[in-house]
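The structure appears below as C-alpha cells.
What follows draws every value from the coordinates through simple rules; no lab data is involved. Keep in mind the model is a prediction, meaning the values are calculated, not measured. Every residue, glycine as well, gets a Cβ built from its backbone with ideal geometry; the counts of neighbours run over all protein chains shown.
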Amino acid sequence: MLCILLKLVEAEYGREVAEGTCLLEGGWTTAGQPGARGASRMSMEKMNRLTMMASVIMLGLIAVNTLILSSIKSAIEKTGSAGPEWMGAAVAALLVGISLAHLLGLTNLALQSKYGKGGSILRGTALVMGVLSLFLLAVDVVMLNDIGHEYMLSHDIAGEWRFVFTGHFVHGMFGVLMLVQCMTAGRS
C-alpha cells in the first residue's frame, strides 16, 4: 500500500520526493551529493503543505463524523432505530476520507523519518500515533458493524460506542500532531 502512495506522490510532486532524493536540511541529497537548492526542496515543502491541508481537513471530517455518530447513538437509545440511511453512508464516506488523510500523513512522516536529518520526538510520536490511529480506523469499522448487528437484537452496545469515540479521539490527536509536525518541518 505504501508503494501505491509513493507512486501517487511521485506523479504529483516528482520523482525526487518519492525516492527521497530531495534536498534536506543542510543542502545535501540523500545520496550524499551536494545539490542546488531549488525544485527538490520545493517539492518537499509542497508535500508538507499538502499534508498540513490534509490534517486540517481530517480534523474537520473527524468532527463531522463524531456529530453524526452521536446523532445515531442518541437515535438508537431513544427510538431503537439508527435513523436515516444517509447517515450510515456519510459515516462510511467520512471514514474513507479520514483513512486517506492518515495514509498521506504516514507517507510524509515515513519520508521525513527516512531522509530527514536527525530524529525528532514529535515526528516519532506522530508516527506511532498515526499507526495506532490507522489500526483504530479498522477497529471503528468492526465496532460499527457490531453496533449495527447488536442494536437490532437489543443487546448492550455501550462498550462498542466507547471504543468508537475513543478511536475518534485518537484520530483527532494524530491530526493535531500531523499539523504541528508539518508546521515545524516547514520552519526548518
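Counting only Cβ charges, +1 for Lys and Arg and -1 for Asp and Glu, the dipole size of the stretch 65-188 around its Cα centre is about 800 debye. Let me know the shape class of the stretch 66-106, please: from the alpha-carbon gyration tensor, a ≥ b ≥ c as square roots of the eigenvalues, rounded when a/c is under 1.5, otherwise prolate if a/b is greater than b/c, or oblate. It is prolate, given that a/c is not under 1.5 and a/b is the larger ratio.
Placing dummy labels 7 Å off each Cα toward the beta-carbon, the span from Asn145 to Ser113 is 2.7 nm. Distance between the pseudo-spin-label points of Leu122 and Thr166 (7 Å out from Cα toward the beta carbon): 2.9 nm.
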